[in-house]
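Engineer: Input: one structure, supplied below.
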Amino acid sequence: MKSVVCNLSDRFSVFLAMGKVLDNSNLVSFDNEKLILTDKFDCEIGFADKKKCHNMPGVLHRAFSIFLFNHQNQVLIHKRSPQKKLWPNYWTNSCCSHPRKGENLEQAIRRRLSEELGLTCSLQYMYKFIYQARYKNIGAEHELCHVYFGKTSQKPMPNPNEISEMKWISIPDLSREIQENSEIYTPWIKLEWPVICNQFLSSITTYSGCE
């Protein structure tokens, strides 16, 4: 099954014509937003600005990662905007971010799906894990990451400040892509995708999903 690719250059021109690409209403990520610090058991121990969390070598904080599938069991992946500080222009999973101070995970995943992809969808929790990764000499991620999946027939409306390209890709094709072109994928998807394929594919492919 072939990938379905959506290049957002046309969308960029539309947003530019409407004066919205650099409009603050499209900005959904901020260096000063307060993230939730945790210990290795996922217990909250404090809060810190996102910028501080992402400075070398990274401060452990709560995060989430979402994999959206359509009813052909293709998964939505996207290329991160060149504006991103960490791993710009890398391909990654459907949606990923952090809950903020005062926000639980359920609130955060719904907010971020809407902000990045213009979608609402029921999500199913799979597992959580800790990872730490450095990006050049610029910054790092150190996350206790909760991983979710969902199914949708809605058309994504990507936020151009977060996403430059996106595509629906079959499960075997994504596995092959990550293996053959690992250098263009973010560290977290390369850790998460094998676990999903080994432990959760049956649940995903039989899940009816939502609109």
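Engineer: Using 0.36 nm per residue of separation minus the Cα-Cα distance, give me the extension gain between Arg176 and Gln124 in nm, one decimal.
Structural biologist: That pair, Arg176 and Gln124, stretches by 16.2 nm at full extension.
Engineer: Also, quick follow-up: Looking only at Cα atoms, what is the convex hull volume of segment 45-156 per residue, in Å³?
Structural biologist: Per residue, the Cα convex hull of segment 45-156 comes to 109 Å³.
Engineer: Among Thr92, Thr38, which comes first, then next, by fewest other beta-carbon atoms within 10 Å?
Structural biologist: If I rank by nearby Cβ atoms, fewest first, I get Thr38, Thr92.
Engineer: Among all the aspartates and glutamates, which ones have a C-alpha under 20 Å from Lys85's C-alpha, if same-chain residues fewer than 8 places away are not counted?
Structural biologist: Asp23, Asp31, Glu33, Asp49, Glu115, Glu116, Glu141, Glu143, Glu162, Glu165, Glu183
Engineer: Taking Cα pairs under 8 Å and at least six residues apart, what relative contact order does segment 96-211 come out at, in percent?
Structural biologist: 27
Engineer: Let me ask another. How far apart, in nanometres, would the label points at Glu44 and Cys197 be if each is projected 7 angstrom from Cα along the Cα-to-Cβ direction?
Structural biologist: The answer from the label model is 3.7 nm.
Engineer: Now a separate question. Could you check the spin-label model distance between Arg110 and Met56? Points 7 Å from the Cα along Cα→Cβ, value in nm.
Structural biologist: Reported label-point gap for Arg110 and Met56 is 4.1 nm.
Engineer: Next question. Filter the cross-link list Lys51/Lys79; Lys51/Lys190; Lys155/Lys190; Lys128/Lys190 down to pairs whose alpha-carbon distance in this structure exceeds 19 Å.
Structural biologist: Those over the limit are Lys51/Lys79; Lys51/Lys190; Lys155/Lys190.
Engineer: Summarise the long-distance tail of P(r) for segment 114-202 by giving the % of C-alpha pairs beyond 19 Å.
Structural biologist: 54
Engineer: Can I ask one more? Which trypsin sites (Lys or Arg not before Pro) in segment 130-175 pass both tests, a DSSP loop state and at most 15 other beta-carbon atoms within 10 Å?
Structural biologist: Sites meeting the loop and neighbour criteria: Lys136.
Only the coordinates and a few stated rules stand behind these numbers; no lab work does. Just so we're clear, the structure is a prediction, and the values are computed from it rather than from any experiment. A quick note on method: Cβ atoms are made from the backbone with ideal geometry, for glycine too, and the neighbour counts reach across all protein chains shown.
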